[in-house]
Structure formats: C-alpha cells, structure tokens
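Shown next, in structure tokens, is the structure this report addresses.
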Amino acid sequence: MTKYHIQGGKPLSGTITISGAKNAAVAIIPAALLVDGVCRIENIPQISDVTLILQILQELGADVRTINRTTVDIDCSHIRNRQVPYELARRIRASYYLVGALLGRFGWAEVPLPGGCDLGGRPIDQHIKGFEALGAKVTLPKGGYIRVEAPEDGLHGAHIYFDVVTVGATMNIMLAAVLAKGQTIMENCAKEPHIVDLANFLNAMGADVKGAGTDVIKIRGVESLHGGSYSIIPDQIEAGTFMAAVAACGGSVLVKNVIPRHLECITAKLREMSVEVTEFDDAVLVRREGKLTKTNIKTLPYPGFPTDMQPQMTTALCLAEGTSIITEGIWGSRYRYTEELTRMGANIHVDGAIAVVEGVRELNGAPVRAHDLRAGAAMVIAGLAAKGVTEVEQVQNIERGYETLVEKFVALGADMYRSEIPESAENK
Ligand code: EPU
C-alpha cells in the first residue's frame, strides 16, 4: 500500500513547473495509431495512465521508443492485433480513444468498455451514435467489450449533432473521421484545450480538421497521415491544483509552463476569493496573504469552470470566510470526498448536485482516502492546509494523473513524504 504522509500548516513558496496535459496525452498517444510512420510526442506527463496507454499500444504491436523523460517515438506501422487486452484497458477511462483510432485506421476494433474514476454513470452513447453515423456497426458482445466494424467500403463522412457536450465523444469521433471518405461535420462539440490539442496533433500529421475549440468541427477525410513531431500542451488542471493549494495554504508560488488563457476560469474564481493572481506569458504568480473569502462555483463545459477543479476549490473554500455554494454540472457523483473533509473538521452539506460550504477557521489532520484522481488532489490540499498529520491512502488514484506530486509540493516547502508498505509486510 502506498500512502502520503503530510504534516500540514505551512505556507507554500517557490516555483513549480507544470507537466504535459494528461487528458490531451491519453488521446494523442492512441492517435498515433492513425499515423503511417514515426511520430515523436514531446511533453508527455510521467503518470500511470500514460504508462498504461503506451503499454497497450506496445501490446498491439507498436514500436514505442523512449527518447527522454518526456519524449517518445511511436511507430504503429506494424500493428498485429486490434483486440485490446482486457486487464490493461479496463483500468483506464481513456481506453475508449483506442476504439476511434483503431476503427479509423483499420476498420475494426474490439476494446474493453472503459474504466477510470468512479464519478457516477459514465455513458458512451454519444460515441456510439457518432461511430454509427460514420457507417460503423457497433455491438456489445458478452465479456465487457465494445466491437466496432466499418462497412466494406470504409467509413464515410457524416453530419453529427451531439445531444450533450462531451469531451470523450468529440475526440473519439475526430479520431475515427480523419481518414474517412468525405466530410464530417460535428455540432455541439466540447471546446476544452485538449480538443484543440488533439486537432493540432492530427493536422501536424497531415489531417484536415477545422474549428476545434468552437461548437462546430469540420473534418475532411484524407488518404493517410504521415509521421512528424508534436509537443503536448501544459496541464490546465495540474496548474489549477497548485493554484488552489496556494489559496488553501497561503504563500506565493510562480506556476511555470502554463497557458494563462486556459486558466482564466480558475484565475477569475481565485481572485473572487481574494487570492492575487498575476499573469505572465507562460506563467502565473499566485499569492495569498490575507483571509480567503467565499465564492460560488458552478462547473460547466469549457470555457466554464472545470469539473476536474471542483474538489480542489471546494477544499480551499472550506477555509474561506462565509458560505460558498458549489454546483456540480457535469458528473452525478463527485462529492464523495466531502465526507473525508468533514472528518477533518470541514462544514459541508451536500444535496444532489449542490454542496453548501460554511467556512471554518481550521482543518485538522486525519487519515483520509483518495476516492478518485481529483478527490485525491483535494485530500493532499486539505492535508497541506490542516493542522497536524494527514495520511492519504489509495494514492494510486492520484498517481494516475499527477506527475511527482509529492516532490513538487516538497519543492514548495511542504512537509510530506510517500511511503510504500510491501504487500507481504501488510499481510503479516
Ligand atoms: N455523456 C453522455 N454520453 C456520452 C458521453 C458523455 O451522456 O456518450 C455525459 C457524461 O455523463 C457527463 C458529460 O456528458 O455528464 C460529460 O462527459 P465527457 O464525455 O465530457 O467526459 P469524459 O470524456 O468521460 C473527460 C475527462 C474527465 C473530465 C470530463 C469533463 C478524460 C480521459 N477524462 O471525461 O477527466 O472530467 O472529460 O471535462 O479526458 C479527470 O481528469 O479527473 C477526469 C475525470
């Protein structure tokens, strides 16, 4: 079992460099399946979700070569297998991008239904609707797989209107459509920075994708994609997590390697909470000296406030003066972590999608669990801001998406460490 041990109550100070974006990397790496030749992908975050997806590509027959800590070369010219290994793919939500990529390149795929964080129901009906519109036959054979097959003459362009704004389906249909015959028009698309990043990657390899970052994306199918190199954007949510940590703990931190425009929704909320944020070209300086003040937050698709920042900001608001109201607009079940905060002395009342947070003067350290990735980040923030010792369990959920989180916080003056108890010792 791996745990984080945190002695809280110290302000944060110093400089932190943000890694590549998880939710871009987990789509761009499978997109290499569409490419004829070698693609070099730079600024890849070292997180377990990325390790898993690279491992899956290797199992399928891709040649994956590590160039340095953040760069890999991927050559998918000799893919042998289109059936994705069950045990690996079930552990990661983003395995659904293998469906779009394998379908687009080879016209056939069988992929385990995705796993990932438990945030309530996580349907994929819009992905299926999109694949079917492109002409694919979609079946759910027994054993937890989804099977997709293109017609004999291949996929064809289509007009698709998504019923809900979905990041996953927008990117997955983009993957399936870049090599389809004719034009695909997708409406009511998600607009997150990683959607633009995937489109930029595909275009750098020879695709014709226009409109990413707006409601309407138009894709003209091309014959093939060629190799090239591409650098992934910085992680908006990792940056936001450090910003929220400064809000909760106080101090002054320069957050480097960011695109400040992607952080605007987070910056605006922090300013409402009396946190000072100064924007530079590729960095933001975050300072909090006085008291935090209340605010209300509603999570929405980008450019609205990101659901993936909701637990971290709710945690900071536990220490703000006054009452804050949080409304979760994306996921049905993303407040499980509030029970852990309550055990640390927070005053939070949850009713469905709404959480009412009455600010308290202090939190007290306690043993807590990282229920999922962002809930885990919230537990770390709570521990850093609390009096006394906090032990965070189930940190494998955190390490799915944060690169060297402990080392990064320690570099900012946090008193924390990671311990690993071998399973054999635990069983004694
Ligand atoms: N939805 C449907 N049908 C679908 C797909 C989605 O009804 O076919 C609904 C969902 O139930 C949800 C909403 O649409 O209410 C948005 O879901 P979306 O498809 O955008 O989410 P996702 O692709 O499954 C990605 C991120 C999540 C992030 C969401 C929202 C990845 C691998 N995951 O999930 O990231 O919360 O977008 O921004 O990119 C995280 O990083 O911690 C995380 C959970």
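All of the numbers you see were taken from the coordinates with simple rules; none came from a lab. Please read all numbers here as calculations on a predicted model, not as lab measurements. Note that each Cβ is placed from the backbone with ideal geometry, even for glycine, and that neighbours are counted across all protein chains shown.
Taking every alpha-carbon pair under 8 Å whose residues sit at least 6 apart, region 329-375 reaches a relative contact order of 37 percent. In this rough spin-label picture, where each label sits 7 Å from Cα along the Cβ direction, the R361-D73 distance is 6.2 nm.
Partners of K142 within straight-line reach, counting aspartates and glutamates whose Cα lies under 13 Å from its Cα and excluding those fewer than 8 residues away in the same chain: E110. Computed extension gain for E339 through T51, at 0.36 nm per residue and net of the alpha carbon distance, reaches 100.6 nm. Beyond 13 Å, the tail of the calculated P(r) for region 1-41 holds 73 percent of the Cα pairs.
The alpha-carbon positions of the chain define a convex hull whose volume is 135 Å³ per residue.
Residue separation times 0.36 nm, minus the C-alpha to C-alpha distance between Y417 and T278: what's the value?
47.0 nm
Working from Cα positions, state the angle (0 to 90°, nearest 10) between the long axis of helix 48-60 and the longest principal axis of the chain. Tilt of helix 48-60: around 20 degrees.
Restricted to Cα atoms, region 326-428 shows a radius of gyration and a Dmax of 14.7, 45 angstrom. Taking Cα atoms only, the orientation of helix 96-106 departs from the longest principal axis of the chain by about 20 degrees.
Once you have a ≥ b ≥ c as the square roots of the Cα gyration tensor eigenvalues for region 255-318, tell me rounded if a/c is under 1.5, and otherwise prolate or oblate according to whether a/b is larger than b/c. Oblate, since a/c reaches 1.5 and b/c is not below a/b. Distant-in-sequence amide contacts of L292, defined by a placed amide H-H separation under 5 Å and a gap of 5 or more residues or a different chain, comprise E321. Extension gain, T404 to I185: 0.36 nm times the residue separation minus the Cα-Cα distance gives 74.9 nm.
Based on the reciprocal of the average 1/r between different C-alpha atoms, the Kirkwood radius for region 183-249 equals 13.7 Å.
Using Cα-only point scatterers and the Debye equation, what is log10 of I(q)/I(0) for region 22-99 at each q in 0.15, 0.17, 0.24 Å⁻¹, rounded to two decimals? Here the Debye-derived log intensity ratios amount to -0.43, -0.57, -1.19.
Using only alpha carbons, region 118-165 has a radius of gyration to Kirkwood radius ratio (Rg to Rh) of 1.03. Comparing region 322-366 with the 2.2 N^0.38 Å rule of thumb, its C-alpha radius of gyration ratio is 1.15 (two decimals). The modelled label-to-label distance between Q83 and H349, using points 7 Å beyond Cα along the C-beta direction, is 5.5 nm.
For the pair D125 and T323, label points projected 7 Å from Cα toward Cβ lie 3.6 nm apart.
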